[in-house]
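Single-structure report; data block below.
The numbers here are math on the coordinates, done by the rules we state, and not lab data. Note that the coordinates shown come from a computational prediction; the quantities given were computed from them, not determined experimentally. Cβ coordinates were reconstructed from backbone atoms using ideal geometry, including for glycine residues, and neighbour counts include every protein chain displayed.
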Amino acid sequence: MTAAAGPDLAPALDGIRLILHVLAATIWVGGQFTVTGLLPTVRRLGDDAPKQVARALARLLWPAYAVLVVTGFWNMAAVHANNGGSAYQVVLGIKIGVVALAGLGVWLHQRATSRRGLAIWGSVGGTASIAALCLGVFLAG
């Protein structure tokens with residue numbers, strides 16, 4: 001069967017790639033927003049409740065982060081990132097750095113032992129996650 005005679009799977013694969021990336025971003029960023037909003041209530045459930053919720057959330061967030069990284073590289077390959085203009089390359093480079101900072105911030109937040117460390121690294125992870133999301137929109141546009 002020749003390529004012209006067979007079905008073109010590229011649009012379907014593009015759709016799957018984008019769906020996985022957006023779904024993972026929804027879980028990664030949305031999960032952080034959700035737990036931040038629920039934290040005052042969770043604290044009233046007991047001293048250990050925030051840690052239990054954080055461990056449960058991590059079981060969702062880290063696989064989503066991994067999917068974001070994998071589909072991010074897939075996105076770069078699919079859109080031939082090396083062929084983009086210099087502005088595209090700059091934004092892409094910044095996004096890669098911000099994605100790494102988001103993961104590092106959340107990872108350090110999980111390991112923080114002081115309220116200050118939790119606040120600082122939670123803010124870094126959350127802010128970098130939002131920035132990565134926004135940069136992704138710019139790159140897709």
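List of remarks:
- Potential extension, Trp107-Ala49 segment - 0.36 nm per residue separation minus Cα distance: 19.0 nm
- Taking only alpha carbon atoms, the stretch 23-99 gives an Rg to Rh ratio of 1.17, where Rh is the Kirkwood radius.
- Stretching the chain fully between Leu60 and Gln89 yields a gain of 7.4 nm (0.36 nm per residue, less the alpha carbon separation).
- For peptides 98-104, 45-51, sequence by mean Cβ density within 10 Å, most packed first: 98-104, 45-51
- Distance between the stretch 95-141 and the stretch 18-38 - C-alpha centres, whole angstrom: 12
- Modelled FRET efficiency - R0 30 Å, Ala10 with Phe138, Cβ distances, 0.05 increments: 0.80
- Options Leu133, Val42, Leu13, ranked by Cα towards positive dipole end of the chain, top entry (Cβ charges): Val42
- Extension gain (nm, one decimal) between Ala119 and Thr41, 0.36 nm per residue minus Cα-Cα: 26.4 nm
- Cα lying deepest toward the dipole's positive end in the chain, options Gly85, Thr26, His109, charges on Cβ: His109
- Cβ-placed point charges (K, R +1; D, E -1), dipole of the chain about Cα centre in debye, nearest 20: 640
- Eigenvalues of the alpha-carbon gyration tensor of the stretch 12-140, scaled by 5 and square-rooted, set the equivalent ellipsoid semi-axes at 31, 16, 10 angstrom, largest first.
- The chain, helix-only ellipticity at 222 nm - DSSP H runs n ≥ 4, -39,500 (n - 2.57), divided by all residues, nearest 500: -29500 deg cm²/dmol
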